[in-house]
Each structure stands twice: as C-alpha cells, then as structure tokens.
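Each remark here refers to the structure printed beneath this line.
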Amino acid sequence: MIFYFFIPFMAIGVVVFQTVLSDLLFSGWVSIELSLIVVIYAGFRMDLIKGMSLALVMGFVLDSISGTVEGLFTLAYLMIFTMSFFVSLRMVTEKQYLIGLFSLFCCVLESLLVSLVDRLILSRETSADALLILTFQAILTGFLSVGFFYAMRRIENSIYGKALQPSQRPGTSGVSAET
Amino acid sequence: MFFKNYRTVLFIGVVFLAVLLLLSYNIKYDSAAGLAKKAVLEAATPVQKFFTFCINGVENAWKRYIHLVGLEEENRQLKSKIDALQAELLLYKEGNKEAQRLKGLLALGKELSYPSVAARVIGRQQAALSKTIWIDKGSSDGLKPGFPVIAPAGLIGRLTDVTWHSSKVMLLIDENSNVDVLIQRTRVQGIARGAGSRGCVVKYISKIQDVKEGDTVLTSGMSNLFPKGLQIGKVSYVDRMDVGLFLHIQVVPFADFAKIEEVLVLLPDGQTPSAAGKKER
C-alpha cells in the first residue's frame, strides 16, 4: 500500500528533476526522458497493477507539469507500459542492448504519438529540427535506460541482497534475450 | 468465466478507455486546470524550488571556483609585477643614492680647486697584509702612482699600482701608508701611519704638545704628495704615559673604507684629466 502512496511524490520528483536537468544541460531543447525510462522499468519488472498505476500517475504528472493537453502523456505512458509488460512476458529483459534499443524505440514511439496528436488533432506546427532533436533524444534515452537499469539492479542487490524485481516473469516461459 | 479468463485484458482496456476519454474531453473542451492538475503543480513547486536551489548552489560554487582560478592567475601575474616593480624601485633607489654620492664628490672636487678624475671602486682588499681598493681608472686617464685619492669624507689614500685602465689605492689604514699631518686646532705636525683596523697612529709629536681626543687631523702639505688641508680623521686616544719622547696618538679616519664606492683622484695642479690621458696614451 505504501508503494501507491509514494507513487505521486516519486513521479513529481522524477518529472521535476528531468525538467530541471533538461533545462540545465540542453536549455530545454532536448528532453531527458527519465520518466519514460521509469515506465519501461515498471513494464519490465513490476506487476500489472503496480506498473499501470505508476505509468498513469507518471503520465498525468508529466501532462500537468509540461502543460500539454491532459491525457496525452498519460496515454503514451500507458501504451509504453503495456508494451513493455507484454515484451517482458516473452523475453528475459536482462541484456543491456535489448533494454537500450527498446527504450530508444519507446522514445521514438512516444515522440511520434505526441507529434501526431499535436499536428493532426491540435493543429500545431512542429519545429523544423524536430527530427534531429527526436533522434538525439531517443539515443540519449537508450543510453540512459541502460544506466538506469544497471543502477537499479545494483541498488536492489545492495539493499535486498537480490534483484527485487526479477527480469523473468514467474510462471512464464520467456525467451532469453541472451540467445 | 469470461471475466475471469480475460480480466487482465479487460482491466487494461478499461484503463485505456478512461484515458482516451480524458484526452478526448480535454482536446474538445480545452478546460482550465482541474483540481488534480492544480494539486500536482502545487506539490511540484517546492520540489522545483529545491532543485533550482541545489542547481543554483552548484552553479554559484562552480562560478566561484572559476573566479578563484582567475584570481589565482591574476594573483600570480600581480606578484610577478610586484617583483619586477620592486627590482625597478631598487634600481631607482640605488641610482638615487649613487647620484647623491656623486653629487657630494663633485662638490668636493669643486671645493678643492684641484683637477680631479672621478673613479668607481671595483674591488677591495682588506687583508691583513695590505689595505687597498681597486678603482676603474688608470694611466689612460692621466693617473700616476702617488696621486692622492679622496672621498667626500676626506683623504683615503694614494695610488700605488697604476695600469692603463685601473689602479690600486693604498688606504690610509694600510701599515705602509705614511702621511704628513697636522692637528687642526694646534697646528702641530706629525706623521700619520696606517694601523689596520685601529685606523691610524700619528707619530713624532712631542709629549709637550697640546693634543686632545676629538682634535681633527688634516694633511699638512709638507711632502708635496698630498695637498694641504685634506681631512683625515679625529683623534680618538692620546697616551702620554708611554715610554719615549713622543705621544702615542690614535686617529679614527673620517672615511668608512668598507663603504666607499666612488672616489676622486686629485691630479697635480695645472694638469687636466683629458690632457693627462692623451699625453699618457
């Protein structure tokens, strides 16, 4: 229960931190998608209810803080979480390149979704260098996700003596990404 | 049975539907910030402030560090500048002192109305056997052995060895130096002989003569070597109890031989330095 209580605070912390970091390092031009990585981590490692709650709250907080239309990032994060969750049922999400590539793909997907909604539904213009920014942002997210997963594994090991969130779902016959 | 088998899919579907409804509603009505959004923003404000505070702190510390690095460089530059200026100041002070000394020497030369050659001391020899200094003028400047050498304080000695461009000066305090002198107050004459570190000793003054400590000793001009009236020193001690016919008189020279840097060599009357030099060459 305590997990659900802390989700909003954690989400606010992560979103504000990524905003500040992005502002500091790239003057706000490139977003550092820490919240997206957290959602992917939730999809890979957590159970459905916990992970979905996290994705919902994270998306909503990002919607609120970034000032976009409410529900846009919530929907995107929900989609990404669901996709990650189903991927984790089929594959052992341990290999670093798999994590990196999947995060890169999710980042592209999220950006595309947001751009499409912006352009087609809200009729807003996208900037000319959006593709370049998107590419850089996706690569950055890929690298950051590898670091994030590694750090979480180390933290869990040092606190609990083992990985708290297993990379293979119990009761599933996930195909190892090692092969 | 249906719900039990597909509850995961149903759950996901319901959540998606709810989010899509929320998104559609917000797109269609573009409503103002709701309570939930307000709460999120309200909660995010202190977190944002905290991060901003931290980042500003780090940024300021970094800027200060950069500033300090700049300061260190500036400090180093200023220190080297101070060193250079101090060296320059030292040079100026030295120049000023030299100018003062030369001024005194020039005044002395004018006072004496003798032709003279100014010379710089380039070496000293104050060993036990001889007390000499070495000057940078020689026979090419018209100097010859025996010429008297003076400093602002008075007579300091005479030339002994003269080369083309340098000369040795035997000081008054050298044991081989003998100068005809007189006591200024009583005009009693004697011979001042060098006594090394004790200065000079005046000899051949009878015990019946009036000589007191503090009397000034001058050259008498009797030997034709030294002009008359050049200051030599002050009587520091008079011994009347000594065995013999003469007083034992100790004289402290006016000149401090350890500090002399420039001197004047007096030429014989009627000889100019340039003419003397040409003649010698």
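Legend: mean number of C-beta atoms from other chains within 10 angstrom of residue C-beta atoms, peptide B:38-51, equals 5.
Between A:Ala130 and A:Met83, what length comes free when the chain is fully extended (0.36 nm per residue of separation minus the Cα-Cα distance, one decimal in nm)?
Working: separation 47, 0.36 × 47 = 16.92 nm, distance 2.47 nm.
Fully extending the segment from A:Ala130 to A:Met83 adds 14.4 nm.
In chain B, a dipole from Cβ-located charges (positive for Lys and Arg, negative for Asp and Glu) runs towards its positive end, and of B:Val19, B:Val181, B:Ile66 it is B:Val19 whose Cα lies farthest in that direction.
For peptide A:42-52, how many partner chain Cβ atoms fall within 10 Å of a residue's Cβ, on average?
Working: counts 0, 0, 0, 0, 0, 0, 5, 2, 0, 0, 4.
Mean shielding by partner chains, rounded to a whole number: 1.
The average projected area of region B:33-113, computed from the convex hull of its Cα atoms over all directions, is 9.0 nm².
If R0 is taken as 30 Å, the Cβ-Cβ distance between B:Glu42 and A:Leu24 corresponds to a FRET efficiency of 0.80. Among B:70-81, A:108-119, B:249-260, the peptide with the highest mean count of other Cβ atoms within 10 Å heads the list, and the full ranking is B:249-260, A:108-119, B:70-81. Peptides B:63-69, A:38-44, B:166-172 ranked from most to least packed by the mean count of surrounding Cβ atoms within 10 Å: A:38-44, B:166-172, B:63-69. Charge dipole of the protein assembly as shown (Cα centre as origin; +1 on each Lys and Arg Cβ, -1 on each Asp and Glu Cβ, all else neutral): 1100 debye, rounded to the nearest 20.
When chain A is treated as a Gaussian network with alpha carbon springs shorter than 10 Å, the biggest mean-square fluctuation among A:Met79, A:Met152, A:Met58 belongs to A:Met152. Considering the zone a paramagnetic label at B:Val69 would reach in this model (a point 7 Å from Cα along the Cα-to-Cβ line), which residues of region A:24-41 have amide N under 19 Å from it? Once the point is set 7 Å along Cα→Cβ of B:Val69, A:25 turn out to lie under 19 Å by backbone N, inside region A:24-41. Note on A:76-83: average number of Cβ atoms from other chains within 10 Å of each residue's Cβ is 2. The calculated FRET efficiency for the pair B:Gln184 and B:Lys259, based on their C-beta separation and a Förster distance of 35 Å, comes to about 0.90. Peptide packing: for B:224-230, A:64-70, the average count of neighbouring Cβ atoms within 10 Å per residue gives the ranking A:64-70, B:224-230, highest mean first. When the helices of the protein assembly as shown are scored as -39500 (n - 2.57) per DSSP H run of n ≥ 4 and the total is divided over every residue, the value at 222 nm lands at -18500 deg cm²/dmol. Enclosing the Cα atoms of region B:116-271 in their convex hull gives a volume equal to 100 cubic angstrom per residue.
Membrane-span-like helices in chain A, defined here as complete DSSP H runs extending at least 20 Å along the helix axis by their C-alpha atoms with mean Kyte-Doolittle hydropathy no lower than -0.5, are A:2-26, A:48-66, A:72-90, A:96-116, A:130-160; this is a sequence and geometry rule, not a statement about a membrane.
Read the figures in this text as sums done on the coordinates, not as results from a lab. From a predicted model like this one, the values you see are computed outputs, not experimental measurements. Ideal geometry is used to build each Cβ from the backbone, glycine not excepted, and the neighbour counts take in all protein chains shown.
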